[in-house]
Amino acid sequence: WDRCQMLNIKGINTTVGQEQQVGMKEKQVLEDLEMHPARRDTEALLQEQPETGNQYLEDTLLRSYLKTHLPPKVLEEVHQDLERFGNRLLTKIQPLSRECELNPPVFRQYDAWGQRVDHIHTCSAWKRMKEISAEEGLIAEAYEKRYSNWSRLYQAVKLYLFSSSSGGFNCPLAMTDGAAKVIESLGIPGSLKNAFGRLTSRDPEKFWTSGQWMTERRGGSDVANGTETVARKQPDGTYRLYGFKWFTSAADSDMTLTLARIADAEGQCTQGSRGLSLFFLRVRDEEGKLNNIQVQRLKDKLGTRQMATAELWLQGARAELISAEGRGVAAISNMLNITRIHNVIGAVASMRRMISLSRDYARKRMAFGKLLKDHPLHMQTLARMEVQVRGAFLLLMEIVRLLGLAETNLASEQEQLLLRLLIPVAKLYTGKQASAVAVEAMESFGGQGYMEDTGLPVILRDTLVLSIWEGTTNILSLDMLRCLAKSKGQVMAVFLSTVQKKLELASGTAELSLAVQRAREAIGSLCQFMAAAGSEQALTMELAARDFSYSLARIYTGRATTAITEPWNGLGALLMEHAARPDASSTDVCAALRWCNQELCPVAVESGRGSYAGGAALQDSALVFGSS
């Protein structure tokens, strides 16, 4: 009886005619029972899974920032909502995120009868993320302006908490926010009132998401020369769009904004950026049929697989011109600023997520007879990553604070100039930062970090795109140079003045004296470089653009990555400002001090080494391609 019971426990069926099979299985069961105890113990050994709790309550930096900056009444209200939202993320939203990752979109081009349907199927969890986004007001919060200039910052905080648990839905939200911003900047014309209301709705039944169809076969960032889509005007004043969109994220969105060239009576189009106009179009009609759009295929991407990214043919898609003719690039710039800020949000959120998990794992994982948290070298590695996240977070908060002031007409001219400079710098900087932190954090889990079923590789893959989306590092470095040139020195004057003010505040804290001194020396080096570069050719400034951007980020906020082997460089005025608060913790002071022993102005160092001197560009080409 005991033997039969043991066989039943093992799931062995003992029906007639299976005696031989049973005998073999019985032998295996007995071998299992006689297994050496050490082997049984090894097979039963489990590593405890790293977990996080309420993300808002566990984020001491976020809470201290809000306590310092928000008016008391606003703080009281948002604290209650963020604590509630943190619980919802933990219990309801994170499981949906995993579902989205396990059930990516599927494209069905034809039905069973050969009819072309071009249907993109997304899972129920993805659809639920859309509903939650509306319920939580993740777009609406910024446009309702319940908290005046603090509304945009509050929205950013909710998006920051949501991002790493969104299952990739943070991307369509970025474009949705950007589209709403463009429409708002146009004065919400009557024809777009319904679209704006849906983009900013809290009603899941009414809420729309938007795409941003700019990338075509000939170029991504180079829209001036890469856009081939043609718009033909119709008798009723609308337009029909004809062209091929090579990379369209969130192809399941309800609407989109896109660029196209208007054809004249002879069918000719103006080339360059002056020929581009901005259009609004619905992706589907009221019956759910595509708006003369054909889906060629879904992109097979390294990451963000939860989201449908497609190649689309526009074959007479009905659209509405919403910018002045030839002013499409200027009109869509508001969208790019918003999506770049969302990129920063995603970068900071992914870093915070990885470090939170690494920290919890350090409390649980035993190695060499003690917990990881008791190994000094391991804790030094985690501490270095923590400083990076703190700097990136404070830079994010600074940008959305300035944006909130600008959107409520409270920003000074100097603050608006500073915002224009910081957006590309923050985007390029945190995109690189997030990739480095994600790789380092993955290593802190050992081999488990490389296992797909832990969910950690997903975070890494999704993070790697952040230095590419919305402009690569080099593209944004050149955008930073255009910003400087267009302002004729005003932007840099504002930047330097702002940093000096923050350092003056920090200079009253004795513990920060060395950090303040290092920052001032870096500012001096930066000014010397700019003075010397003023007489140089444009090629010299282009070669210095990346290092110059990193220098701005280091001095204003934190670290940069001039060398892959040494990614933790930097010092931040924002970190010192935060550490100089009367109620600052020792952790705040420590984070600021951690920057002081690093190179703060790489552009000056590289300039001294001749990296931008005459012939440097030819040397670079020879090094890459070889010389005869």
* Structure fact -> Checked against the positive end of the charge dipole of the chain (+1 on Cβ of Lys and Arg, -1 on Cβ of Asp and Glu, about the Cα centre), the farthest of THR309, ALA362, THR509 is THR509
* Sorting GLU76, GLU320, GLU398 by accessible area (1.4 Å probe), largest first, what list results? -> GLU76, GLU320, GLU398
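Using packing as a proxy for protection, rank 228-236, 285-293 so that the peptide with the highest average count of other Cβ atoms within 10 Å comes first. Write down the numbers at each step before the final one.
Working: 228-236: 14.9, 285-293: 13.0.
Highest mean packing first, the order is 228-236, 285-293.
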* Heavy-atom accessible surface of the chain: percent carbon and sulfur, 1.4 Å -> 52 percent
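Could you check what % of the DSSP bridge pairs in the chain are antiparallel, to the nearest 5?
Details: 38 of 44 bridges.
If I count the DSSP bridges inside the chain, around 85 percent turn out antiparallel.
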* Asked: How much solvent-accessible surface does HIS79 expose, in Å² to the nearest 10, with a 1.4 Å probe and all protein chains in place?
  -> 60 Å²
* Structure fact -> Membrane-span-like helices (DSSP H runs, Cα span along own axis at least 20 Å, mean Kyte-Doolittle at least 0.5) in the chain -> 376-407, 473-487, 490-506, 513-533
* Structure fact -> For GLU144, the accessible surface traced by a 1.4 Å probe with all protein chains present amounts, in square angstrom to the nearest 10, to 80 Å²
* Got a number for the accessible area of VAL117? Probe 1.4 Å, square angstrom, nearest 10. -> 60 Å²
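Which value at 222 nm does the chain reach when only helices count, each DSSP H run of 4 or more adding -39,500 (n - 2.57), with the total divided by all residues and rounded to the nearest 500 deg cm²/dmol?
Numbers: 25 runs with 341 residues, N = 628.
When only DSSP H runs of four or more count, the value is -17500 deg cm²/dmol.
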* Gap in Å between the Cα centre of region 131-175 and the Cα centre of region 426-468? -> 23 Å
* Asked: For the chain, what is the accessible area per residue in Å², given a 1.4 Å probe and the full set of protein chains?
  -> 47 Å²
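Magnitude of the Cβ-charge dipole of the chain, K/R +1 and D/E -1, about the Cα centre, nearest 20 debye?
680 debye
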* Sort out for me the Cα centre separation of region 296-344 from region 489-551, rounded to whole Å. => 35 Å
* **Listed residues THR540, ASN474, LEU496: farthest to the positive end of the dipole of region 465-558 (Cβ charges)** => LEU496
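The values are calculated or read from the model by the stated rules, or taken from the named source; none is laboratory data. Just so it is clear, the structure is predicted and the values come from calculations on it, not from any experiment. Cβ atoms come from the backbone with ideal geometry, glycine included; neighbour counts cover every protein chain shown. Areas reflect the complete protein model, heavy atoms only, side chains present, ligands, DNA and RNA absent. Shrake-Rupley method; radii C 1.70, N 1.55, O 1.52, S 1.80 Å.
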